[in-house]
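The values are calculated or read from the model by the stated rules, or taken from the named source; none is laboratory data. What you see is a predicted model, and the numbers here were worked out from it, not measured in a lab. Cβ placement follows ideal geometry from the backbone for every residue including glycine, while neighbour counts extend to all protein chains displayed.
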Amino acid sequence: MVRFLYLYRNFPDNKSMLSVRITYCMNWIDKQVFQNKKAAYFTLGCKLNFAETSMIGKYLTNNGIRKILPGEKADICVVNTCSVTALADKKCRQAIRRIKKQHPDAFLVVTGCYAQLKPEDVGRIEGVDLVLGAGEKMNILKHLEEKIAVSPIKNVRTFIPSCSSDDRTRHFLKVQDGCDYYCSFCTIPFARGRSRNGTIAELVQMAETAGREGGKEIVLTGVNIGDFGKTTGETFFDLIKALEQVKSIERFRISSIEPNLLTDEILVFLSQSRRFTPHFHIPLQSGSDEVLKLMFRKYDTALFFSKVDKIMRLMPEAFIGIDVIVGMRGETDAHFKETEHFLEQLPFSQLHVFTYSERPGTMALKMGPAVSLKEKQERSRRLMELSEEKNRAFYLSQIGTVHKALFEHTKRGTKMHGFTENYIKVETDYNPCWINQLIDVTLSGFNDNKTALLIE
């Protein structure tokens, strides 16, 4: 009744509704109360979240709710959250409070990993009207009368493919969700559930639709996309071979893939592909085999090195991004030095450095000893410096080479940016005719901020 009174107070379209049966009331809420209303969408975290937020937006649009225009106040705000670290949780809380101040009269819906893992905590944040779990996020209108709608993650078995396009030149195609790995430091299996995926046929159809709507590039997203096929009896290799035949899309990228699932047959195929880019994002997490065992990872440093070496032999201009976690429980100074030395030998292009964060319910909490915050910060600083060195060296190696850059929308300023097939950020003077177009460019030198290469 509290939920209905909120809706009645904010949308008093028909006062006689208070006297009707609850079933009719809910039918009215679902079909009438938000007709011609406005929604705002906010995404925190990974590319997978962007794809899912876009799908939520399409669902609400199909139910008569349009996206807000610049300067408008929203009637509904949907916040799709992340919970990969304690810092991510904090940023989500800050974002929720900020959004409520920006849209004080909006019905505020919070979903995503933080909502699934800590629904009661989220529900207590002032201004939150509805908390939706992983199994409920795609059906917001069904749960409007509730405060918290979160199913146990073990019961979440459905998979709804999605493809984002809002405000982005690149599309993000969700091909897989969940993870069966249960690494000792990670809560994602508790937030996302078991590995599951869509069929190749429906994913190919979504890619073709994105191409017909003007999309040029699609990034394949998921939690553990190399594990694709658990629910359909297919494989990730089958999927990329099928997507290669989608002629309406000019470029595909693989967002992130576990090294043990990046098979030689996949690498050979990618090296010969006309549409898949030479761009890899591979989680290492540690360059110490002892720490990899503590993390319950499914590979060792020898396997990881062999994969990077294979990539560079097949695709010398490939961009290779690597995830690393510093300060894992049990990581000694000697272990960190092993990681640092291992990374120095690798021809990568960029590091994504994460500081280990204690996550409730994970096996890592039973390990030890803990690493001090000061030491974590020092290790992170050292790896970030190494990343900057490697990234600059990679960019320098590409000066004078010719590539195709896909240029993105620009919201302000006189410059526009794009990315080459091997993920080099380029900058040039703003030209509206180049937006969402693949343009042949020759890379020259760095821009003033040393963040992108200029083009001739």
Response to the item:
Among the residues of segment 214-231, the number that are touching a Lys or Arg at 6+ places or on another chain (Cβ under 9 Å) and more than 18 Å from PRO278 (Cα to Cα) is 5
Worksheet entry | segment 333-356 residues that are within 16 Å of LEU292 (Cα to Cα), paired with ones that are among the basic types (Lys, Arg) and not in a helix (DSSP H, G or I) (beta carbon under 8 Å, 6 or more apart) | TYR356/ARG329
Worksheet entry | Verdict on ARG157 being over 19 Å from LEU44 (Cα atoms) and exposed (fewer than 14 other Cβ atoms within 10 Å of the Cβ) | yes
Worksheet item: How many residues does segment 109-165 hold that are out of contact with any strand residue (DSSP E or B) (no Cβ under 8 Å at 6 or more places or on another chain) and among the acidic types (Asp, Glu)?
Response: 3
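Select, from ARG157, ARG194, the only residue that is in contact with a Lys or Arg (Cβ under 9 Å, 6 or more places away or on another chain), part of a loop (DSSP other than H, G, I, E, B) and outside the structural domain of GLY327 (by TED's automatic domain parsing).
Matching residue, one of ARG157, ARG194: ARG157.
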Worksheet, complete the sentence: Residue hits (segment 427-441; in contact (Cβ under 8 Å) with a residue 40 or more places away in the chain and within 22 Å of LEU270 (Cα to Cα)) are LEU438
Item to complete: Considering each residue of segment 206-223, count those that are over 27 Å from ASP180 (Cα atoms) and either within 18 Å of the chain's Cα centre (by Cα) or not acidic (Asp, Glu) (or both), and give that number.
Response: 8
Practice prompt. Please enumerate the residues belonging to segment 336-356 that are over 17 Å from ARG381 (Cβ atoms) and either of a type in the set (A, V, I, L, M, F, W, C) or surrounded by 17 or more Cβ atoms within 10 Å (Cβ to Cβ) (or both).
Written response: GLU338, PHE342, LEU346, PHE348, SER349
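Mind counting the residues in segment 207-230 that are part of a helix (DSSP H, G or I) and at pLDDT below 95?
First pass over segment 207-230, keeping only residues part of a helix (DSSP H, G or I): 207-212, 225-227.
Now restrict to residues that are at pLDDT below 95: 209-212.
Count: 4.
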Worksheet item: Can you find even one residue in segment 342-358 that is at pLDDT 95 or above, part of a helix (DSSP H, G or I) and either more than 30 Å from ARG313 (Cβ to Cβ) or touching a Ser or Thr at 6+ places or on another chain (Cβ under 8 Å) (or both)?
Response: yes
Response to the item:
VAL426 fails exactly one of (1) among the β-branched types (Val, Ile, Thr); (2) within 22 Å of PHE348 (Cβ to Cβ); (3) not in a strand (DSSP E or B), namely (3)
Worksheet item: Which of the residues spanning segment 259-292 are under 22 Å from the mean Cα position of the chain (by Cα) and either at positive phi or of a type in the set (Phe, Trp, Tyr) (or both)?
Response: PHE276, PHE280, GLN285
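May I ask you to list the residues in segment 340-364 that are within 26 Å of the chain's Cα centre (by Cα) and either more than 24 Å from TYR114 (Cα to Cα) or hydrophobic (A, V, I, L, M, F, W, C) (or both)?
Initially, segment 340-364 is screened for residues within 26 Å of the chain's Cα centre (by Cα), giving 343, 346-364.
Answer for segment 340-364, where residues must be within 26 Å of the chain's Cα centre (by Cα) and either more than 24 Å from TYR114 (Cα to Cα) or hydrophobic (A, V, I, L, M, F, W, C) (or both): LEU343, LEU346, PRO347, PHE348, SER349, GLN350, LEU351, VAL353, PHE354, MET363, ALA364.
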Item to complete: Could you look through segment 395-429, keep only residues that are modelled with pLDDT under 95 and more than 28 Å from the chain's Cα centre (by Cα), and pick out the one that is surrounded by the fewest Cβ atoms within 10 Å (Cβ to Cβ)?
Response: THR414
Response to the item:
Being touching a Gly at 6+ places or on another chain (Cβ under 8 Å), touching a residue at least 40 places away in the same chain (Cβ under 8 Å) and closer than 29 Å to LYS90 by Cα narrows ARG379, ARG359 down to just ARG379
Practice prompt. Show the residue pairs that are 6+ apart or on different chains and have beta-carbon atoms under 8 Å apart, the first residue being within segment 202-218 and on the phi > 0 side of the Ramachandran plot, the second being surrounded by 14 or more Cβ atoms within 10 Å (Cβ to Cβ).
Written response: GLY214/ASN436
Worksheet entry | Residue count, segment 389-426 (criterion: without any contact (Cβ under 8 Å) to a residue 12 or more places away in the chain and touching a Leu at 6+ places or on another chain (Cβ under 9 Å)) | 0
Practice prompt. Would you point out which residue out of LYS376, LYS298, LYS293 is surrounded by 15 or more Cβ atoms within 10 Å (Cβ to Cβ) and either outside the structural domain of PHE237 (by TED's automatic domain parsing) or within 27 Å of PRO189 (Cβ to Cβ) (or both)?
Written response: LYS376
